[in-house]
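These notes concern the structure reproduced below.
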Amino acid sequence: MKTLGIYVQVPFCQTKCTYCNFHTGVVSTARFAPYVEAVCREIREHKAFYSTAGVTLPKELGAAVVDTVYIGGGTPSLLEPPHLQNILDTIRKSFAADFAEVTLEADPETIEAEKGNAWVQTGINRVSFGVQSFSDKELVAAGRMHRRADIYRAVPILREAGIRNISFDLIAGLPHQTRESWRQSLDELTALKPEHASIYLLEVDEGSRLGKELLQGGGRYSAGAVPSEDEMAEFYEMALETLRAAGYRHYEISNWAKPGFESKHNLKYWRREAYLGFGAGAHSFSGAQRWANVHDAAAYVSAVQSGRLPVEQHEKMTAERALEEELFLGLRQLDGIDVARIEREYGVSLAGRFEPLASAGLVKRDGNVVRLAPGRLSVSNEVFVELMK
Ligand code: SF4
């Protein structure tokens, strides 16, 4: 049975975190309903929209069963439960659906008992929390809306509502983070026993206020209190050790899970399985094509209202591009790359690519499997650059 993932993007937040490089905005709640209506129309009429936008869905996807849905953002937990119900019901009516995993991204301060119960009624069975840190000093400096106490308030609400699959995100490298405060965050995370954890390193780029400030050598947004790269690498190593000791399996560079709780939806991205994205800025992959909707939420809504799919990027897969993705995404997974399968499917020899990396100690070959070398996970980007040369 061919399966399909669906991603729904909700690009609204209550504030803009200093480190955030996503296309999200702070808007009046009056804009939520028209946005949800546009998303539902895009879902309902996706076939007609795709054919006018030059997107072809492979035949086998027409009969595919939607088994995972991921509602991300932004802060989708800001939407009212009837909005979420509407989105999920529209998916159920527009596709063959048998949901195994329905994830909602949520920020701790947005959780209330009534909402938690309503989410479970809609079919949401996994909540991914933007915890980021258990230190109020770090949360304040990062411009987050929640505080440590909100995390402790929110988790029991979700457990009581019946959510049996919770994921926490933490960020290594926030301003004011120290070895001690990071140890504290890791220990508090494991004590709360989420089924899944994602640990990200602070991204420094032009896309966020903090990133820009760091690149320009300024001191705003507590830029002067950002840990060094070496410290961040050490924090990542601490996470590896702490999560391993607490019984989590490290299955992707940034992701850990208790046995059986790996994110079914996100695995589709890393395994190059098909998913359709709906909403402003949402990305889709059919196996043969990748495309993405326009990021601007207002432009998205007005295009959908006028019956047009607002595609902003569109790429047809070439064999060369697909091979690059296989290598890049395969190395992100701790299970590594099945070299024999790729050589067979793409008619290439990979020995020339991997031998220099193995000699440099960046990857390890074990029979037919190539993985990032232990100790090189925190510098994976450097390995990817070498690999694509
Ligand atoms: S809540 Fe998340 S998406 Fe929204 S601004 Fe903060 S980091 Fe960005």
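Since every read-out is calculated from the coordinates, none of them should be taken as a lab result. For clarity, every value in this text was computed on a predicted model and none was experimentally measured. Positions of Cβ are generated from backbone atoms using ideal geometry, with glycine treated the same way; all protein chains shown enter the neighbour counts.
Output wanted: per-residue J couplings in Hz (rounded whole) for the range 326-340, from phi through Karplus 6.51 cos²θ - 1.76 cosθ + 1.60, θ = phi - 60°, x for Gly and Pro.
4, 6, 5, 6, x, 6, 5, 8, 5, 6, x, 9, 8, 4, 4
Restricting the count to DSSP beta bridges whose residues both fall in the chain, what percent are antiparallel, rounded to a multiple of 5?
40 percent
Report the relative contact order of the range 211-266, percent, no decimals, based on alpha-carbon pairs under 8 angstrom and at least 6 residues apart.
Result for the range 211-266 is 15 percent.
Report ³J(HN,Hα) in whole Hz for each residue of the range 261-278, in order, from the Karplus equation J = 6.51 cos²θ - 1.76 cosθ + 1.60 where θ = phi - 60°; Gly and Pro get x.
Values, residue by residue: 10, 4, 5, 4, 5, 5, 4, 4, 4, 6, 9, 6, 9, 6, 8, 10, x, 10 Hz.
What whole-number value in cubic angstrom gives the convex hull volume per residue for the C-alpha atoms of the chain?
About 144 Å³ per residue, rounded to a whole number.
Over 20 Å between Cα atoms: which of Lys2/Lys47; Lys16/Lys258; Lys59/Lys316 fall into that group?
Going by Cα-Cα distance, Lys16/Lys258 fall outside the 20 Å limit.
With θ taken as phi - 60° and the coefficients 6.51, -1.76 and 1.60, list the Karplus ³J(HN,Hα) couplings across the range 177-184 in order, rounded to whole Hz; mark glycine and proline as x.
Going residue by residue, I get 6, 10, 4, 5, 5, 5, 4, 4 Hz, with x marking Gly and Pro.
For the range 50-109 and the range 250-309, what is the separation of their Cα centres, given in Å?
First find each Cα centre; the distance between them is then 10 Å.
Which whole-number percent is the relative contact order of the range 3-270 (Cα, under 8 Å, 6+ apart)?
About 18 percent, as a whole number.
Provide the packing ranking of 136-149, 5-18, 353-366, i.e. peptides ordered by the mean count of other C-beta atoms within 10 Å per residue, highest first.
5-18, 136-149, 353-366
Treating the beta-carbon of each Lys and Arg as +1 and of each Asp and Glu as -1, no other charges, what is the dipole magnitude of the chain about its Cα centre, to the nearest 20 debye?
Result for the chain is approximately 680 debye, rounded to the nearest 20.
What is the Cα coordinate range of the range 319-387 on the first, second and third principal axes, sorted by size from largest, in whole angstrom?
31, 23, 21
Suppose we keep just the alpha-carbon trace of the range 303-349; what are its Rg and Dmax in angstrom?
16.4, 49
In the neighborhood of Gly211, defined by Cβ-to-Cβ distances under 10 Å, what is the net charge if each Lys or Arg adds +1 and each Asp or Glu adds -1?
-2
How charged is the neighbourhood of Ile71? Take every other residue with its Cβ under 12 Å from the Cβ of Ile71, and add Lys/Arg as +1 and Asp/Glu as -1.
Charge balance near Ile71 sits at -1.
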